[in-house]
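Presented below is the structure to which this report refers.
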Amino acid sequence: MTEDESKKIRIELDHEQKVIRLGCWFYDLKGVLIAEATEEDKKKYNCGKYMTYPIVDDDWEVRDDECIADGIGRLVIGKKGETVYLSQLHSVLDLNAVEHCADYSDILTDLELHGITVSNRMQDNPQEELPEIINLAIYKIGNTDTFDIYSYEDGYYIPDRECHVGKDGKLYQGRKEHEDENDNRFKQFRQIVYRIAQDVRALSWFFNKPNLRVRCFKDRCFDESHSGDLSIPNDWHTAIQTLEDDINSEIAQRQDVYSDDYFRDKLPII
């Protein structure tokens, strides 16, 4: 540990080879810088007298990302050489689904390059791999054409997405009140069918599981029995009723085009 003469700043080195998440990317944690917080810091980070900043990578960069506001402990993914379950990455995957920083596979590959293995085993039964059918629950938000689509964490994880039915009858990410009628440049990219199919293909590539497909069902309300009918209601929009087939069709088309892409840019299995 080193400390400056004013004793307002000190640096604590970390020798445990930890990997930390900042935003949607991962970094080698070299240590932390602890500084006396200014009034601006206290407002920005809601901290007390001191603020702790991570020092990362070989250039020893001190980072002040907004995500450190609640402390950096929860941002530490693990140590080099360790294994994490896919469900443990839900926070970064959900964030990436909103901010569109990269492809799903880029997030997984980045963590892999930092020396942490991502497992596709079941967390409560590591002897079993995750099932190849990915269950997507769909929740209808009020009396609207807005829906929330999410997967359970006991399967291959698909990020939670809120979506709405556009004027063309297709599903788009986000609420309708946020829709930009003049934004046609990324319209296809924002389609839920495209986004989820892209996620499944990324998982297929990363784990070499070409048979991954989705199954859609109605979200079970708290007061419904576990034996109730979870099929998509007939009065829901057609885009929701056909969502399962549309996604699986898109996945199959991608599979045909990129059938042998597993070994492209993938680290060898040891």
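The values are calculated or read from the model by the stated rules, or taken from the named source; none is laboratory data. All figures in this text were calculated on a predicted structure; none of them were measured in a lab. Don't worry about glycine lacking a Cβ; one is built from the backbone with ideal geometry, like all the others, and counts go over all protein chains shown. Heavy atoms of the whole protein, side chains included, go into the accessibility calculation; ligands, DNA and RNA do not. Shrake-Rupley method; radii C 1.70, N 1.55, O 1.52, S 1.80 Å.
For CYS101, all conditions in the list (1) surrounded by 14 or more Cβ atoms within 10 Å (Cβ to Cβ); (2) out of contact with any Cys (no Cβ under 6 Å at 6 or more places or on another chain); (3) at pLDDT below 95 hold save one; what is the number of the exception?
Going through (1) surrounded by 14 or more Cβ atoms within 10 Å (Cβ to Cβ); (2) out of contact with any Cys (no Cβ under 6 Å at 6 or more places or on another chain); (3) at pLDDT below 95 one by one, CYS101 breaks only (2).
List pairs: first residue in the stretch 47-59 and farther than 19 Å from GLN17 by Cβ and touching a residue at least 60 places away in the same chain (Cβ under 8 Å), second residue surrounded by 13 or more Cβ atoms within 10 Å (Cβ to Cβ) and among the small types (Gly, Ala, Ser) anywhere in the structure, Cβ distance under 9 angstrom, at least six positions apart or on different chains.
Every condition considered, no pair remains.
List pairs: first in the stretch 120-134 and charged (D, E, K, R), second open to solvent by 70 Å² or more (accessible area, probe 1.4 Å) and in a loop (DSSP other than H, G, I, E, B), Cβ under 9 Å, 6+ apart or cross-chain?
These pairs meet every condition: ASP124/ASP154; GLU132/ASN211.
Does THR117 count as in contact (Cβ under 8 Å) with a residue 24 or more places away in the chain and open to solvent by 70 Å² or more (accessible area, probe 1.4 Å)? Reasoning before the result, please.
Details: in contact (Cβ under 8 Å) with a residue 24 or more places away in the chain: yes; open to solvent by 70 Å² or more (accessible area, probe 1.4 Å): yes.
Taking the combined requirement at face value, the residue satisfies it.
Quick check on ASN211: is it polar (S, T, N, Q), outside any loop (DSSP other than H, G, I, E, B) and modelled with pLDDT of 85 or more?
no
Restricting to the stretch 24-45, count the residues that are in a loop (DSSP other than H, G, I, E, B) and either modelled with pLDDT of 95 or more or touching a helix residue (DSSP H, G or I) at 6+ places or on another chain (Cβ under 6 Å) (or both). Reasoning before the result, please.
The initial filter retains those residues of the stretch 24-45 that are in a loop (DSSP other than H, G, I, E, B), namely 24, 37-38.
Still in the running and either modelled with pLDDT of 95 or more or touching a helix residue (DSSP H, G or I) at 6+ places or on another chain (Cβ under 6 Å) (or both): 24.
Within the stretch 24-45, residues that are in a loop (DSSP other than H, G, I, E, B) and either modelled with pLDDT of 95 or more or touching a helix residue (DSSP H, G or I) at 6+ places or on another chain (Cβ under 6 Å) (or both) number 1.
State all residues of the stretch 50-66 that are more than 12 Å from LYS30 (Cβ to Cβ) and either open to solvent by less than 30 Å² (accessible area, probe 1.4 Å) or modelled with pLDDT of 95 or more (or both); if no residue qualifies, say none.
Correct list: MET51 only.
Scan the stretch 75-89 for residues that are farther than 17 Å from GLU153 by Cβ, free of Cβ contacts under 8 Å to residues at least 60 places away in the same chain and open to solvent by 70 Å² or more (accessible area, probe 1.4 Å) and jot them down.
GLU82
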